[in-house]
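Asker: Here you go, one structure.
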Amino acid sequence: MTSLYHDIIFGPVHSRRLGLSLGVNLLPTSSKLCSFDCIYCECGWNAEHTGGRRFNAREDVRTHLAETLRRMVAEGTPPDVITFAGNGEPTLHPQFEEIIDDTIALRNEICPSAKVSVLSNATQLHRDDVRRALLKVDNNILKLDSAFDETVRLMNNPQSATYSVRNVVDMMQLFEGQLTVQTMFLRGECNGRQVDNTTEREVSAWLDSQRPDSHAPLTYIEFFHSSNRVCFMALHKLEEYTRSNGLQVIVVVREEAAKIEPALRPYLSAKLSVAFDDDNKTFTAFGVQYVPFGVLIDAKNRAVWMGNTLQLTPDLLKSF
Ligand code: SF4
């Protein structure tokens, strides 16, 4: 079953990751328009949507968003986040940057506590205006389902023949850690073909692609929960190791981004990023029984140490 958003502004919806989320749809309200055609797309497949390929006008987006924000604030239910998503890929809009500027101005004026998020498939990162706009928002959430072109072709059906994961990852690195990578891990069959991006080869290559510095000798996956004060001690220690030992750190959390983001923001850098484990699969896959807990991975993607992060010492790091 597929569904389209029939308005420019939709929701709000309660997102486990983002909180109370007010949606903005820059794409047609009666059709889908996307540079991907993912096999799992909630909007349906591109071939089902051949008409109505018009973008919503910048002025209409601003007017509708202002009205809705004012109403929600007056009712005492301001959104936690304004999220660009909808019937396709928002960054395809030719005035995407201007619309982001309008949105930030409205947010600052009407609803200053709300974050601005963009859910994008990362196919437009070659455009300077799109990269500039994504650097202005609070949550720059970019899709990368696999490190292999052939798997992306199977899962996401990029509409451009020149799509290349290498190019996308290179562009992602220009954000210097100011991004969240979103991945749909799945296994199954579609149109008679096996699709599985959960194999060891896939996950290992995906993990490798996420390293801001792919030449870094060691990467640490830190499992974190904000209710545990010791996790903050561990995070502080890891931040030091990013500077003193060149460690790359990926912090895995299963809390709402809206709730956790203010606490983690001071620690973020090109060497320390956050991954959201929405469905608990990463915690489960690593058998996490307690936090702070972490796994140290070497340049060949081998887990060389795991345990309580407070027991990770500079001498231990140097021994690998
Ligand atoms: S990128 Fe999003 S909107 Fe586009 S096809 Fe994939 S799931 Fe659908």
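Asker: Out of curiosity, is THR103 without any contact (Cβ under 8 Å) to a residue 40 or more places away in the chain and polar (S, T, N, Q)?
Answerer: no
Asker: Let me ask something else about it. What do you reckon, is ASP196 touching a helix residue (DSSP H, G or I) at 6+ places or on another chain (Cβ under 6 Å), in the same structural domain as LEU22 (by TED's automatic domain parsing) and more than 13 Å from the ligand (Cβ to nearest atom)?
Answerer: Answer is no for this residue.
Asker: Among the residues of region 242-271, write down those that are in a helix (DSSP H, G or I), in contact with a strand residue (DSSP E or B) (Cβ under 9 Å, 6 or more places away or on another chain) and touching a residue at least 60 places away in the same chain (Cβ under 8 Å).
Answerer: Result: ALA257, ALA258, LYS259, GLU261.
Asker: Going through region 1-29 one residue at a time, which ones are among the small types (Gly, Ala, Ser) and either closer than 14 Å to ASP60 by Cα or under 21 Å from the mean Cα position of the chain (by Cα) (or both)? Can you show your working first?
Answerer: Residues of region 1-29 among the small types (Gly, Ala, Ser): 3, 11, 15, 19, 21, 23.
Selection gives GLY11, SER15, GLY19, SER21, GLY23.
Asker: Run down LEU92, LEU69 and say which single residue is in contact (Cβ under 8 Å) with a residue 40 or more places away in the chain, surrounded by 14 or more Cβ atoms within 10 Å (Cβ to Cβ) and more than 16 Å from the ligand (Cβ to nearest atom).
Answerer: LEU69
Asker: Taking the condition at pLDDT below 85, within 22 Å of MET306 (Cα to Cα) and surrounded by 18 or more Cβ atoms within 10 Å (Cβ to Cβ), does THR282 pass?
Answerer: Yes; evaluated as a whole, the condition is true for this residue.
Asker: Then there's this: Of all residues in region 95-124 being within 16 Å of the ligand (Cβ to nearest atom) and touching a Ser or Thr at 6+ places or on another chain (Cβ under 8 Å), which is nearest to THR162 (Cα to Cα)? First the steps, then the outcome.
Answerer: Taking region 95-124 and keeping what is within 16 Å of the ligand (Cβ to nearest atom), we get 96, 117-124.
Then drop every residue that is not touching a Ser or Thr at 6+ places or on another chain (Cβ under 8 Å), which leaves 117-121, 123-124.
Numbers: SER117: 27, VAL118: 24, LEU119: 22, SER120: 18, ASN121: 15, THR123: 11, GLN124: 12 Å.
In this case the residue turns out to be THR123.
Asker: Let me ask something additional. Among the residues of region 157-182, write down those that are more than 16 Å from the ligand (Cβ to nearest atom), under 16 Å from the mean Cα position of the chain (by Cα) and of a type in the set (S, T, N, Q).
Answerer: Residues satisfying the conditions are GLN173, GLN178.
Asker: Mind listing just one residue for me: the one in region 17-36 that is within 11 Å of the ligand (Cβ to nearest atom) and in a strand (DSSP E or B) and, of those, farthest from VAL73 (Cα to Cα)?
Answerer: Filtering region 17-36 down to residues within 11 Å of the ligand (Cβ to nearest atom) leaves 25, 27, 32-36.
The next check asks that each one be in a strand (DSSP E or B); those that pass are 25, 33.
Numbers: ASN25: 20, LEU33: 31 Å.
Here the answer is LEU33.
Asker: Could you give every pair whose Cβ atoms fall below 7 Å, whose first residue belongs to region 291-313 and is at positive phi and touching a residue at least 24 places away in the same chain (Cβ under 8 Å), and whose second residue is among the hydrophobic types (A, V, I, L, M, F, W, C) and not in a loop (DSSP other than H, G, I, E, B), counting only separations of at least 6 or pairs across chains?
Answerer: Filtered contacts from region 291-313: ASN301/LEU207.
Asker: While we're on this one: Scan region 46-65 and tell me whether some residue there is within 12 Å of the ligand (Cβ to nearest atom) and under 19 Å from ASP7 (Cβ atoms).
Answerer: Among the residues of region 46-65, at least one is within 12 Å of the ligand (Cβ to nearest atom) and under 19 Å from ASP7 (Cβ atoms), which makes the answer yes.
The values are calculated or read from the model by the stated rules, or taken from the named source; none is laboratory data. Just so we're clear, the structure is a prediction, and the values are computed from it rather than from any experiment. Backbone-built Cβ (ideal geometry, glycine too); neighbour counts: all protein chains shown.
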